[in-house]
Amino acid sequence: MKVKELKELSVAELNAKLGEFRQELFNLRFQHATAQLENTQRLPEVKKTIARIITIVREKEVGA
């Protein structure tokens, strides 16, 4: 997801997205460990998205 899209979401929606991306990261790691993952570039993308969401949530908490 783009940063602009993430900043438009509320904190509750961001936390829901964070859970979804963490679940996806878990699944990707599991697939990678069992040599079933075809697109290995998705791992760092998901990690970066998780970091972006955490950063935006923190910004909103401090700003509020």
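Using only the alpha-carbon atoms of the chain as identical scatterers, what base-10 log of I(q)/I(0) does the Debye formula give at q = 0.14 Å⁻¹?
Results for the chain at q = 0.14 Å⁻¹ read -0.44.
For L37, what residues show an amide H to amide H distance below 5 Å, using hydrogens built from the backbone and excluding near sequence neighbours?
Answer set, sorted by chain and number: H32.
Measure off 7 Å from each Cα along the Cα-to-Cβ vector at S10 and E24, then give the distance between these two points in nanometres to one decimal.
Going from the S10 label point to the E24 one covers 2.2 nm.
Nearest 10 degrees is fine. How inclined is helix 11-33 to the longest principal axis of the chain, computing both from alpha carbons?
10 degrees
Kindly count the pairs of lysines across the chain whose alpha carbons are less than 13 Å apart, treating pairs on different chains or eight or more residues apart as eligible.
Numbers: K2/K17; K2/K48; K7/K17; K7/K60; K17/K47.
Lysine pair count for the chain: 5.
Compute the long axis of helix 42-63 from its Cα atoms, compare it with the longest principal axis of the Cα atoms of the chain, and write down the angle in degrees, 0 to 90, nearest 10.
20 degrees
Any idea what the relative contact order of the range 3-63 is, in percent, if you count C-alpha pairs under 8 Å spaced at least 6 apart?
48 percent
No value in this document is a laboratory result; all are computed from the given coordinates. From a predicted model like this one, the values you see are computed outputs, not experimental measurements. Ideal geometry is used to build each Cβ from the backbone, glycine not excepted, and the neighbour counts take in all protein chains shown.
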